[in-house]
Every structure is written in structure tokens, then in C-alpha cells.
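Engineer: I have a structure I would like to understand better, so I am pasting it below and will then ask my questions one at a time.
The values are calculated or read from the model by the stated rules, or taken from the named source; none is laboratory data. Note that this is a predicted model, so its numbers are computed, not measured. Heads up, the Cβs are rebuilt from the backbone with ideal geometry, glycines too, and the neighbour counts pull from every protein chain shown.
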Amino acid sequence: MVSFPELIERIKEFYNFDKQEIFGLLVVTLIMGFIFSFRNWGEEQFNLIFGLKNLFLAIIVAGISFWFKISCQKVYGVSAGQSNTFEVWWNGIVIMLVVAFITRGWVPLALVGGMASSFMVKQRLGEFRYGFSTWVMAISAAWAIWGSLILATLFAIGTYFFPQSFFFDIGLKMNLMIAFCSWLPLPQQDGLSLFFGSKGLWSLAILAILAASVLLLTKTTIGLIVVIVVGTLIGIGAILTGSEK
């Protein structure tokens, strides 16, 4: 891991979204908002105003979720000398829509795509095994999961204080689903890079997702505290054990 000042400079220079990424993120955000608000267009009968409100909130949640997840991957990438670019998996989006309509919204998937990594020559100088690193690629993929779990925890905190809030509730569920789908080793999903980069890390990731899902979806105080404490300790440990140069 590079020093903090160097990381800031790299973010200033290399953190960006190109036009193709922005277009893809807009499409993904709208579709995710639609799918996750599919069953929220009226409690007993169809209500257009109620449904549009929930659709709008779900789109905002999707935008925040994907921006944060992808930003985590981009920041880690530039810190390790690899450029990460988000690529949409169009076939996955078709699968999402088909499953959503077949199940009437009961199974909202998040098969939207993943990161494509490219080698940054100057930023890899001095790195162990100077060339392209499958381990760095695996960690970049893992950040898709960790980023989503961090946001899921934040939304769970919001749900704890505002239990009737659709915004926080859908944010919690959406980010847990994004984390799970990011783990799947499917074409153009981050899970494929994670699986081939580190099978051990891939196995630990699903355990983290399942544990976080159980603890957060129960919406209990102890479950929320356990996730926050464990997540904080893991984060501190990662920072302390990371090398600086």
C-alpha cells in the first residue's frame, strides 16, 4: 500500500469515470431502482404516486451504492498500480429483468457487471513482482463485496433509528444482494476475478456475506453491534498490516 500523500495524488490524477462508464452506471442505476421497487407500488392496490416515490428513492439508493462500490475498487486499484474500469454485463441485466418479472419482484438480482483491470506501468515500479498482479486483481474484486457490506451496515444503522424508512430498508437489502452477486464467479462479475485470484479469499467472502446478512437482516441491536465491531477491527488490521512506501 502506498503512503497516504501518494495515494491522494494518485486519486487526484487517476480517479475518474469515462463516458462509457457513466452511461453504463446510469443504465444500471435505473434498472436496479426499478427492480428493487418492483413490489412497492401500493400496499393493497396500485398507487402511482406511492410507486413513483419508492422508485425515485430506490434509484437514489442504487446510485449511491454503485458509486461507492466502484469508487472503493478504483481507489484500491490506483493505490496498487492498476486501473479499474467498470464494464456492464448486458446479458446479466437481461437475466435480472427476466427473473424480476417471473418472480414478480421477489428475487431482485444484481448481475450488472464488474471491473476490468489494466496495468499502470509507472505506478507499478518498485512493486513486488512488477508486472500484472492477480492478487491485486483479486483484492480489487473483493472491494466490490467489502464496499457493499460497508454501505449495508450504514443503511442498517439508519434502519435501526428509522425502522419504517423505505430508503434505509431498501438500501440494506440492495447492498447485501450486490455483495452476494459480486461474489458469484460468473462472466464479467467481480467474483470470477476473486475466485481465480484467491480461492481462500473467495471462500472467506461468502462467509462474511452470509454472516453480515444474518446479523443485519434480523435488525437486532446485538447483530448491528457485532457487524460494526468486527468490521472496524478488520479495517484497522488491514491498515496496520499494509506496507507503506
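Engineer: Given (1) within 21 Å of M174 (Cβ to Cβ); (2) among the hydroxyl-bearing types (S, T, Y); (3) surrounded by fewer than 16 Cβ atoms within 10 Å (Cβ to Cβ), identify the lone condition not met by T29.
Structural biologist: Tallying (1) within 21 Å of M174 (Cβ to Cβ); (2) among the hydroxyl-bearing types (S, T, Y); (3) surrounded by fewer than 16 Cβ atoms within 10 Å (Cβ to Cβ), T29 fails exactly one: (3).
Engineer: Oh, and also: Being closer than 15 Å to I150 by Cα and hydrophobic (A, V, I, L, M, F, W, C) is the filter here; which residues of region 171-182 pass it? Walk me through it before giving the result.
Structural biologist: Residues of region 171-182 that are closer than 15 Å to I150 by Cα, as a first pass: 171-180, 182.
The answer is L172, M174, L176, M177, I178, A179, F180.
Engineer: Among the helices (runs of 4 or more DSSP H) lying completely within region 1-80, list those that include at least 2 residues that are among the basic types (K, R) and touching a residue at least 40 places away in the same chain (Cβ under 8 Å).
Structural biologist: It comes to 48-80.
Engineer: Among the listed residues G191, G147, G171, G237, identify the single one that is over 14 Å from the mean Cα position of the chain (by Cα) and not β-branched (V, I, T).
Structural biologist: Checking each option against the conditions leaves just G237.
Engineer: State the number of residues belonging to region 32-49 that are modelled with pLDDT of 85 or more and surrounded by 14 or more Cβ atoms within 10 Å (Cβ to Cβ). Spell out how you get there, then give the answer.
Structural biologist: Residues of region 32-49 that are modelled with pLDDT of 85 or more, as a first pass: 32-40, 49.
From the residues that got through so far, the ones that are surrounded by 14 or more Cβ atoms within 10 Å (Cβ to Cβ) too are 32-40.
Looking only at that region, the number is 9.
Engineer: Is it true that I93 is part of a helix (DSSP H, G or I), out of contact with any Lys or Arg (no Cβ under 6 Å at 6 or more places or on another chain), modelled with pLDDT of 80 or more and crowded, with 16+ Cβ neighbours inside 10 Å?
Structural biologist: For I93, the condition - part of a helix (DSSP H, G or I), out of contact with any Lys or Arg (no Cβ under 6 Å at 6 or more places or on another chain), modelled with pLDDT of 80 or more and crowded, with 16+ Cβ neighbours inside 10 Å - is met.
Engineer: If only one of S140, S148 is crowded, with 24+ Cβ neighbours inside 10 Å, in a helix (DSSP H, G or I) and out of contact with any Phe, Trp or Tyr (no Cβ under 6 Å at 6 or more places or on another chain), which one is it?
Structural biologist: On the way: S140 fails: out of contact with any Phe, Trp or Tyr (no Cβ under 6 Å at 6 or more places or on another chain).
It is S148.
Engineer: Within region 97-117, how many residues are over 21 Å from F68 (Cα atoms), touching a residue at least 24 places away in the same chain (Cβ under 8 Å) and not in a loop (DSSP other than H, G, I, E, B)?
Structural biologist: Summing the residues that are over 21 Å from F68 (Cα atoms), touching a residue at least 24 places away in the same chain (Cβ under 8 Å) and not in a loop (DSSP other than H, G, I, E, B) in region 97-117 gives 2.
Engineer: What number of residues within region 207-225 are in contact with a helix residue (DSSP H, G or I) (Cβ under 7 Å, 6 or more places away or on another chain) and surrounded by fewer than 16 Cβ atoms within 10 Å (Cβ to Cβ)?
Structural biologist: So the answer is 1.
Engineer: Taking the stated definitions as given, is L154 farther than 22 Å from N84 by Cα and touching a residue at least 24 places away in the same chain (Cβ under 8 Å)?
Structural biologist: Taking the combined requirement at face value, the residue does not satisfy it.
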